[in-house]
Structures are given as structure tokens and as C-alpha cells.
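Data block below; observations after.
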Amino acid sequence: MTEKTPGRQRWLLLALAVLSAGLTFSLGLWQLGRAAEKTSLQQARTQQAEKPVLNGQSLKVDSELSDAREDLLHRRMVLVGHWQHQHTVYLENRQMNAKPGFFVLTPLKLEGAGITVLVQRGWVQRSFTDRTALPPVGQIQERVEVAGNLAPWPSRLYDFGGEEKGPIRQNLDWQEFKHQTGLDLPRFTLLQSGAASEGLLREWPVVASGVEKHHGYAFQWFGLSALIALLYVWFQIVQPRRSPKVR
């Protein structure tokens, strides 16, 4: 950038500097907004978990609403019923304490509520010698009482598509599983809590809100915005005034 920059070019540089600084500054504000949204969601989740414990009667809803129940997500619950072990599913490539294994899911037919809820019972390590082997887990036939938090349907991992069958699966599609089992399952699950039992661990990872990441991105965008402004001021205002005029 020289002292005798033509007027038109000088205005063009100013416009580019203003647009660039404004754009990066707005991106920083957007990241702060995303951080605020996630903080609000985390607080709402914590407040839900602190509310009184509910029982299976709270899940008796119309079929049109049984796939939602957003008002009950993350609430603590104690469900009483009988396991439907014939429909147990092992979701592979799931980790707990940095070890690969299965998340074990079994439908629970609730007593007195007339519905069946899928329970994420816990994690079990996979066999290293036989990948088709099903690790032994408890198969209680009697009436059980299961405590946990109401959670969304299990999230999907990358797969190659197509319908999955059998006990070992990469993902569990809600509609397909309902069709295969004949169960009218709601689109939520119970994330079972408590100490290890029946061969299953329940040290579920705490869901990170990601607020720190958004704050970091916001700092970078604000820093870039400030850098653009400083460079323009230095090269277009300060530096020309400090340079000796050529006669």
C-alpha cells in the first residue's frame, strides 16, 4: 500500500476492510448466540433432571403424541414391567470408558400402563475373537423395576443404508424396529441409571454442551475482525503520515 493510492482504489480498500471486519464480527456474534442457545438447552436439561421422579403412568399418552413427549425428556423415571428379551438389540461400535463394545437395548412392557418402552440398559464389551458372539447379559423374567432418565431414540452412526436385522446392528431405525417387532414403541427411550448389574455398565458419558468450542470460535472471529481494522488503519492512515513526502 503506497502513499499515493488513487482515490477510487482507496475507497475500494476502505469498503473491503469495512465489509470484512463487519462480516467476521457478525460471525463472532453468531457463535456467541450458538453458545447461549446450548447453555440454555443444558440448563433446561438439568432442570428437567431435578424434577420429581415419575412413573410409567406419566407415559400414557395418545398414540399421535407418543413419539414426542418433549415435555418429559430427561425427566427421572422409575418404570415397572417385564423385559421383552426376544427383541434385545446390541448396537455395535459404541464406547464406554474409551473401550469398544455394545449398547444393549431391550423393550420393557410396562405394568398397568399398556405401553412398551425401549430401555438403553447399559454397555458390554465385545468379544475380540468372535465378532458375532453375543456377550452374556442378564435375562430376568420376573417383574422388574428400572430407574433412569427419559432420553431420545438412539442417535445414528454412519452406515451404508439398507434395512438392518438381527440382534447386532449399527443403528436402530425406529420405524423398521416397530415393524419387525410388532411393538407400538414411542420414539423415546429410558436411559437406565445405577450401578453395574446383569453384566452391564452404566457409566454413561455426560453430553458436552460445546459452549467452550463456540466461545473459542467467537474469539477467533473477533480477533480477525480487529486485525483487519488495525491493518487498514496502519497501512492507510498511520504509515502514510509517518513516511516522508517525496518532492
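The values are calculated or read from the model by the stated rules, or taken from the named source; none is laboratory data. Since the structure is predicted, the reported quantities are computational estimates derived from the model, not experimental observations. Every residue, glycine as well, gets a Cβ built from its backbone with ideal geometry; the counts of neighbours run over all protein chains shown. Side chains are part of the model used for accessible areas, which takes the heavy atoms of the whole protein and leaves out ligands, DNA and RNA. Shrake-Rupley method; radii C 1.70, N 1.55, O 1.52, S 1.80 Å.
A few notes on this one:
- For the cross-link pairs K51/K109; K165/K213; K38/K165; K109/K213, the ones whose C-alpha atoms lie over 32 Å apart are K165/K213; K38/K165; K109/K213.
- Calculated [222 nm] ellipticity per residue, helices only, for the chain: -11000 deg cm²/dmol; basis is -39500 (n - 2.57) per DSSP H run with n ≥ 4, divided by all residues, nearest 500.
- Extending 7 Å from Cα along the Cβ direction at R10 and again at D184 yields two label points whose distance is 7.8 nm.
- In order along region 85-102, the Karplus-derived 3J(HN,Hα) couplings, from 6.51 cos²θ - 1.76 cosθ + 1.60 at θ = phi - 60°, round to 4, 5, 10, 5, 10, 10, 7, 8, 6, 9, 10, 8, 6, 6, 10, x, x, 10 Hz, and Gly and Pro are given as x.
- Accessible heavy-atom area order of H179, H215, H87, highest first, probe of 1.4 Å: H179, H215, H87
- Estimated FRET transfer efficiency (D173, F235; beta-carbon r; R0 41 Å; 0.05): 0.10
- Kirkwood Rh and Cα Rg combined as Rg over Rh, evaluated for the chain: 1.25
- Extension gain from S58 to V206, taking 0.36 nm per residue of separation minus the Cα-Cα distance: 50.7 nm
- Cβ-derived FRET efficiency at R0 22 Å, W30 paired with A226, nearest 0.05: 0.85
- Among the helices of the chain, those built from whole DSSP H runs whose Cα atoms reach 18 Å or more along their own axis and whose mean Kyte-Doolittle hydropathy is at least 0.5 are 211-233.
- Cut-off of 10 Å, at most 15 other beta carbons, DSSP loop: longest stretch of the chain lacking such chymotrypsin sites (Phe, Trp or Tyr not before Pro): 1-127
- Sum of side-chain charges, D159 neighbourhood, beta-carbon under 13 Å (Lys, Arg +1; Asp, Glu -1): -3
- Antiparallel DSSP beta bridges within the chain, percent to nearest 5: 80
- Over all distinct Cα-Cα pairs of region 92-214, the Kirkwood formula returns a hydrodynamic radius of 15.9 Å.
- Stretch gain in nm, segment N93-F128, where the contour uses 0.36 nm per residue and the Cα spacing is subtracted: 11.3 nm
- Derived scalar couplings ³J(HN,Hα) [region 116-131; Karplus, 6.51 cos²θ - 1.76 cosθ + 1.60; whole Hz; x for Gly, Pro]: 10, 10, 6, 10, 7, 6, x, 10, 9, 6, 8, 5, 7, 9, 9, 6
- Here the calculated FRET efficiency for E164 and E198, from their Cβ-Cβ distance with R0 = 30 Å, stands at 0.80, rounded to the nearest 0.05.
- Under-5 Å amide H pairs with Q120, H placed in peptide plane, nonlocal only: L190, L191, Q192
- For region 182-194, putting each phi into the Karplus relation 6.51 cos²θ - 1.76 cosθ + 1.60 with θ = phi - 60° gives couplings of x, 9, 8, 7, x, 8, 8, 9, 9, 8, 5, 10, x Hz, in residue order, rounded to whole numbers and with x for Gly and Pro.
- The stretch between L157 and E145, if pulled fully straight at 0.36 nm per residue, gains 1.3 nm over its current Cα-Cα span.
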